[in-house]
Amino acid sequence: MINDLKRKIVLQAEKTNMFRKVYCAFKRSKAKDFPDQVKLRQSADIFDLARLSAPLPYFPQFYFDDCNYYGILFQILKYAKIKIDDKHLPLHEIYLEHGIIIGNLVRADSISLARKTLTYSNYRAKFILEKTGKVPSLVGPYMHYCEGILSLEALSEIKKKLGRVLLVFPSHSIGAVAAEYDKKQFCLEIEKRKAGYDTVLVCMYWKDAQNGDHEYYQHMGYKLTTAGHRDDLYFMNRLKSIISLSDMVISNSTGTHMGYSLFLNKPNYLFKQHVALVSKSKSGDNLLSQHHNPEVTNTKDRDNQLLYDAFSVFEEKISPEQYKLVNYMWGFDQIKSPEELKSLLLN
């Protein structure tokens, strides 16, 4: 009874900008070393898995967590030359989809509380409109709005050492939900495809690196990297440099990395493999209950199959059909200029 009352009070309070502002300020006050930690990681070796995947304190600059993930909104504001303290910026009233969602799953609870919602494409916009009645702003792949973390000179030097690179994105965990799959089977496919490449580079998700999932790939003799912790403000910058080092990308599940790598003109191959999502906590149970909703599952399976069909052939080129599909889903034609972003965000 008391817990239910507390929840109702919080639900009412979070509708106010003052509550959101105070909440974020309080949380940041508990993690004052966050900016220094992030700054130190900026210069870290992109192959230093332990350092880059290490925990970071919670330091919300924005009320909606999705805006804090991967430094996306931080980088968009930087690109648009908008200061975070600009009085015309509805700082805690912006929501964005932090990664591509295949199918019609929508965070209607957050979108209903937001004044502005950002997403990639018309593909996502139609689901958001159907579920919430709101029309989001389309900005295309967020990768466009950041620079690589490596200078062109540093990138060139690393590329010379690595040679031709087969970049691997294993299926990764989501919050309190682990992704479990047959690593031996996946590595057999990688071994089959690595002929003609000098380096197999595996980009590990921070949480999976923390859990030790990288060890199997390490034992295979592959080189390891990571874009960093989810809360690292320069995650996207690091990911852009990692993708830029590649000549071909292979994955065992669909994901945001596909659109980003294709946006950077890197061909993709999808190896279809059973990946089980396993809950590790109550919050994981809640997440899976949304994913297992029949309506969500049907649209997710349908649209995932479009991607598997389009990228089922290992070929180092991007076909017009592939480009058309990812443009529709990731919104390559929805890129905005700094001035257009200012117009979207500052009012």
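The values are calculated or read from the model by the stated rules, or taken from the named source; none is laboratory data. If you're wondering where the values come from, they're calculated on a predicted model, not measured in any experiment. No Cβ is skipped: glycine too gets one built from the backbone with ideal geometry, and neighbour counts run over all protein chains shown.
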**Request:** Considering only residues that are crowded, with 19+ Cβ neighbours inside 10 Å and in a loop (DSSP other than H, G, I, E, B), look in region 126-162 and name the one that is nearest to the chain's Cα centre (by Cα).
**Result:** 141
**Fill in**
Exactly one of 69, 123 is aromatic (Phe, Trp, Tyr), in contact (Cβ under 8 Å) with a residue 60 or more places away in the chain and either closer than 22 Å to residue 333 by Cα or out of contact with any helix residue (DSSP H, G or I) (no Cβ under 9 Å at 6 or more places or on another chain) (or both), and that one is 123
**Message:** Among the residues of region 282-292, are any under 21 Å from the mean Cα position of the chain (by Cα), touching a residue at least 60 places away in the same chain (Cβ under 8 Å) and under 30 Å from residue 84 (Cβ atoms)?
**Reply:** yes
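Tell me, which helices (runs of 4 or more DSSP H) lie completely within region 177-258 with 1 or more residues that are of a type in the set (Gly, Ala, Ser)?
Those helices (runs of 4 or more DSSP H) span 206-210, 235-244.
Yes/no per residue for (1) touching a residue at least 24 places away in the same chain (Cβ under 8 Å); (2) within 28 Å of residue 138 (Cβ to Cβ); (3) touching a Gly at 6+ places or on another chain (Cβ under 9 Å):
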position: 241; (1), (2), (3): yes, yes, yes
position: 255; (1), (2), (3): yes, yes, yes
position: 264; (1), (2), (3): yes, yes, no
position: 272; (1), (2), (3): yes, no, no
position: 317; (1), (2), (3): yes, yes, no
position: 320; (1), (2), (3): no, yes, no
position: 331; (1), (2), (3): yes, yes, yes
position: 340; (1), (2), (3): no, yes, no
position: 345; (1), (2), (3): yes, yes, no
**Asked** Within region 252-269, is there a residue that is over 17 Å from the mean Cα position of the chain (by Cα), surrounded by fewer than 16 Cβ atoms within 10 Å (Cβ to Cβ) and assigned by TED's automatic domain parsing to the domain that holds residue 168?
**Response** yes
**Fill in**
Being surrounded by fewer than 19 Cβ atoms within 10 Å (Cβ to Cβ), in contact with an Asp or Glu (Cβ under 9 Å, 6 or more places away or on another chain) and at positive phi narrows 196, 212 down to just 196
**Message:** Filter region 113-124 down to the residues that are assigned to a helix (DSSP H, G or I) and either touching a Gly at 6+ places or on another chain (Cβ under 9 Å) or buried (at least 23 other Cβ atoms within 10 Å of the Cβ) (or both) and list them by number.
**Reply:** 122, 123, 124
**Asked** When you scan region 163-175, how many residues do you find that are surrounded by 17 or more Cβ atoms within 10 Å (Cβ to Cβ) and touching a residue at least 60 places away in the same chain (Cβ under 8 Å)?
**Response** 8
**Asked** Restricting the search to region 3-34, which residues are under 29 Å from residue 239 (Cα atoms) and touching a residue at least 24 places away in the same chain (Cβ under 8 Å)?
**Response** 24, 27, 28, 30, 31, 33, 34
**Prompt:** Between residues in region 132-154 that are assigned by TED's automatic domain parsing to the domain that holds residue 106 and residues that are in a strand (DSSP E or B), which pairs lie under 6 Å by C-beta distance while being six or more apart or on different chains?
**Reply:** 136/117; 136/119; 137/118; 139/118
**Message:** Anything in region 299-315 that is assigned to a helix (DSSP H, G or I) and touching a residue at least 60 places away in the same chain (Cβ under 8 Å)? List them, or say none.
**Reply:** 299, 300, 301, 302, 303, 304, 307
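Among the residues of region 36-43, is any in contact (Cβ under 8 Å) with a residue 24 or more places away in the chain, part of a helix (DSSP H, G or I) and crowded, with 18+ Cβ neighbours inside 10 Å?
So far as region 36-43 goes, yes, one or more of its residues are in contact (Cβ under 8 Å) with a residue 24 or more places away in the chain, part of a helix (DSSP H, G or I) and crowded, with 18+ Cβ neighbours inside 10 Å.
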**Request:** Could you pull out the residue among 273, 322 that is of a type outside the set (Asp, Glu) and buried (at least 18 other Cβ atoms within 10 Å of the Cβ)?
**Result:** 322
